[in-house]
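Worksheet: the structure to be examined is printed underneath.
The values are calculated or read from the model by the stated rules, or taken from the named source; none is laboratory data. Owing to the predicted nature of the structure, the values given are computational and were not obtained by experimental measurement. Glycine gets a Cβ as well: all are built from the backbone with ideal geometry, and neighbour counts include every protein chain shown.
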Amino acid sequence: MREFDIAKMFDHKNVLITGGLGFIGSTVARYLVQKSSARIVLVDSLIPDYGGNLFNINGIEERMHVNIADVRDENTMNNIVKKQDVIFNLAGTSSHVDSMKDPFTDLDINCRSQLSILEACRKHNPNVKIVFSGTRGEYGRADYLPVDEKHPLHPTDVNGINNMAGEWYHILYNNVYDIRATSLRLTNTYGPRHQMKHSKQGFLNWFIRLAMEDKEIPIYGDGAQKRDFNFVDDVAMALMIAAADDKANGRIYNLGTLEPVSVADIARMIIKELGQGRIKFVPFPEDKKRIEIWDFYSDYGKIKDELGWKPSTSLARGLKDTIRFYKNNKEHYW
Ligand SMILES: NC(=O)c1ccc[n+]([C@@H]2O[C@H](COP(=O)([O-])OP(=O)(O)OC[C@H]3O[C@@H](n4cnc5c(N)ncnc54)[C@H](O)[C@@H]3O)[C@@H](O)[C@H]2O)c1
């Protein structure tokens with residue numbers, strides 16, 4: 001990857017991170033604190049079932065202002081967006097199953113709130129740059145692999161549809177109101193500081209918990225479906241590059257990796273790394289099977305060519321670092 005100078009990109013900037021106490025948001029905050037003099041505000045609702053955790057900013061909390069608030073609250077957002085140079089817009093829910101059980105909460109957070117945040121920017125801070133975290137769920141099942149940005153969008157669940165709308169509001173406001181916006185379509189992201197309370201926000205971290213407890217890892221079907229995984233530091237870097245580079249304005253980029261791995265193999269890698277845990281193949285639960293996307297991995301060539309980003313952490317390295325983190329900090333995540 002090209003060398004990126006985070007200090008040059010963010011020194012003296014006012015940066016707002018929605019969902020800033022979550023997994024990806026807190027990782028961005030850590031980079032900004034360590035490498036720049038950015039003035040940072042986090043907004044997070046800390047709704048218990050989601051990924052927000054005050055321990056995620058342990059040791060850096062003095063360097064930022066934390067606002068426990070909900071992005072659905074328009075008055076709060078109208079005030080908070082003022083004077084910000086950059087917004088990392090990462091507050092969202094990513095559970096596919098929950099989005100089917102409770103579609104209106106998913107709609108309110110991933111779609112309606114996105115529009116109200118953009119309206120807040122249009123009225124109170126049209127010079128801001130805003131980066132949205134979209135999802136590979138916008139594509140649904142792959143018509144071809146690897147999936148590039150030209151692939152049709154036909155989501156298999158409510159979460160994918162709401163993210164698609166949330167993303168396109170950003171692009172629309174870029175095009176019509178010149179509010180500079182970029183969307184990154186994230187694939188499976190894993191690493192330290194992901195919530196470990198349930199499996200609804202991604203299976204890799206959940207597999208790590210089960211193996212750390214020496215439990216069975218349930219693999220649905222034969223587990224042969226392939227997925228790609230980005231280490232959270234690489235994702236944070238992509239978000240920062242997209243925020244800083246005006247070439248990204250109005251653009252949508254996939255993230256991804258060159259190492260697609262099957263679900264069963266990822267479980268085997270975790271078990272091998274930990275020296276414990278075991279796989280149990282089980283029938284696919286019907287509610288999950290109906291929204292399953294099977295083989296999916298992304299082509300990240302566009303962001304590589306246009307912005308110079310590529311993932312730099314191998315799966316083997318990322319798994320080691322993630323496991324070490326949870327061994328040291330288990331009590332804050334279990
Ligand atoms: N982790 C992944 O694999 C992945 C993949 C695709 C997209 N994404 C998207 O990236 C973003 C960040 O994901 P993450 O993995 O860090 O998840 P996370 O749950 O750890 O972080 C999201 C944060 O948003 C906060 N939040 C949720 N609803 C809120 C609301 N209404 N108001 C204020 N704060 C709210 C949560 O408390 C949480 O801290 C999300 O929008 C997610 O949909 C993540």
When region 128-150 is examined, which residues are found to be away from the ligand (no atom under 16 Å from the Cβ) and in contact (Cβ under 8 Å) with a residue 12 or more places away in the chain?
-> VAL128, LYS129, ARG141, LEU145, PRO146, ASP148
Region 194-276: helices (runs of 4 or more DSSP H) wholly inside it with 3 or more residues that are more than 30 Å from TYR173 (Cα to Cα) are 203-212, 263-274
Got at least one residue in region 201-221 being among the aliphatic types (A, V, I, L, M), within 13 Å of the ligand (Cβ to nearest atom), within 30 Å of LYS123 (Cβ to Cβ) and buried (at least 21 other Cβ atoms within 10 Å of the Cβ)?
-> no
Would you be able to say whether some residue in region 235-256 is under 17 Å from the mean Cα position of the chain (by Cα), at pLDDT 95 or above and farther than 30 Å from ILE179 by Cα?
-> no
Check VAL66 against each of (1) in contact (Cβ under 8 Å) with a residue 40 or more places away in the chain; (2) touching a Gly at 6+ places or on another chain (Cβ under 9 Å); (3) crowded, with 21+ Cβ neighbours inside 10 Å and name the one condition it does not meet.
-> (3)
Report whether or not PRO260 is touching a strand residue (DSSP E or B) at 6+ places or on another chain (Cβ under 7 Å) and farther than 29 Å from MET100 by Cβ.
-> no
For region 4-17, state whether one or more residues are farther than 19 Å from THR313 by Cβ, among the charged types (D, E, K, R) and within 7 Å of the ligand (Cβ to nearest atom).
-> no
Scan region 41-63 residue by residue and report those that are aliphatic (A, V, I, L, M) and crowded, with 24+ Cβ neighbours inside 10 Å.
-> LEU42, VAL43
